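In what follows, a single structure is set out as structure tokens and then discussed.
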Amino acid sequence: MPEVTLPAQDRIRCDACRPPARTGRPPRHLARTAALVALLLLLAGGAATGCGGRATTHHKPGTTHEQASGSTGTLLDAQDGDGHRLREVPAQGAPEVGLTVRPDSEDGWNLRLALTAFRFTPDSTGGAALPGAGHAHLELDGHKLARVYGPWFHLPAAQVPEGAHTLTVRLYADDHTAWAVAGKPVEASVPLTAGPPGQAPHSHSAPAPTGPATPSGAPRADRTVTLAVRDGKVVPTTGRTEVKRGERVALRVTSDRADTLHVHGYDKELALPAGQEATLILTADRTGLFEVETHTSGLVLTQLLVR
């Protein structure tokens, strides 16, 4: 049978062969792309204002939002002498500071801060209070001399008037609140005496308390711990001394080299003259485990376990 060709106007086209009708709506893949872009813009806008829509300040990489919001410890109504509020933290793991002062051969004094569970963060000052971080204030007789950002500080003689004074170093968080334990700022103080202008400066540590028994009738110590440092070793070998809370403890120490004794957690220091016995008495009013060490040699003499 011969092939029949129909005129163009009579040809029938099936639905499958027809092009899709234009409805005024974009294809599905374009609609999905537009929705994804809108979602990303929404998330970016939320991130600019921080968690929960609140603007964040000083949210450094590696810190949580809780840390960045300055919620470390408990903010107290009490203030230090400079009007900074206290930030209370538990005694266990709290920052500690000790202060050693030595005359400089040319001018003034060189100060050394012995720190535990604390680091200086000068690039974060003014930000949130992060655990165990911040800076220090140096005070002379309760008046601020300087802000300290490292373990060493040179105090010029010109800043210290002639006479006897008290030098204090206190630890602060980045938000300028003062770190505190048991309602007291974390600080250390030592006496400092300045002579007339032109006279070589000198310094001394806090005066040693009297021994366990005194003729004047001062209270006796409930517990006496006798220790010695010889050739870089502790005699007897470092151990723990268990005491009850509220007991008075006498630490009688003899060192073959000049050093400084420091009781962590209590901020108590005592100068150790070479070859002479020195005694430090403290009341164990805080519970926990506290190390007794020497600053220069870095030896742990004993650990006070207060229950």
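No lab work stands behind these numbers, since they all come straight from the coordinates. These figures come from a predicted structure and were not determined experimentally. Cβ coordinates were reconstructed from backbone atoms using ideal geometry, including for glycine residues, and neighbour counts include every protein chain displayed.
Modelled this way, with points 7 Å down the Cα-to-C-beta line, the labels at GLN159 and ARG286 are 2.6 nm from one another.
Stretching the chain fully between ARG119 and ARG307 yields a gain of 64.8 nm (0.36 nm per residue, less the alpha carbon separation). For ALA228, the amide hydrogen comes within under 5 Å of the amide hydrogens of VAL235, THR254, counting only partners 5 or more places away or on other chains and with H modelled in the peptide plane.
Considering only alpha-carbon pairs that sit under 8 angstrom and 6 or more positions apart, the relative contact order computed for the range 223-306 is 34 percent. Provide the net charge surrounding ALA180, with neighbours chosen by a C-beta distance below 11 Å and charges set as Lys +1, Arg +1, Asp -1, Glu -1. The answer is +1. Summing +1 for each Lys or Arg and -1 for each Asp or Glu, what net charge is found among the other residues whose Cβ lies under 15 Å from the Cβ of GLN276? Value of the local net charge: 0.
What does the charge count near LEU155 come to, summing +1 for each Lys or Arg and -1 for each Asp or Glu among other residues with Cβ under 10 Å from its Cβ? Counting the neighbours of LEU155, the net charge comes to -2.
For the range 68-203, the dipole from Cβ point charges (+1 on Lys and Arg, -1 on Asp and Glu) about the Cα centre works out to 240 debye, to the nearest 20.
Peptides 269-276, 154-161, 231-238, 92-99 ranked from most to least packed by the mean count of surrounding Cβ atoms within 10 Å: 92-99, 269-276, 154-161, 231-238.
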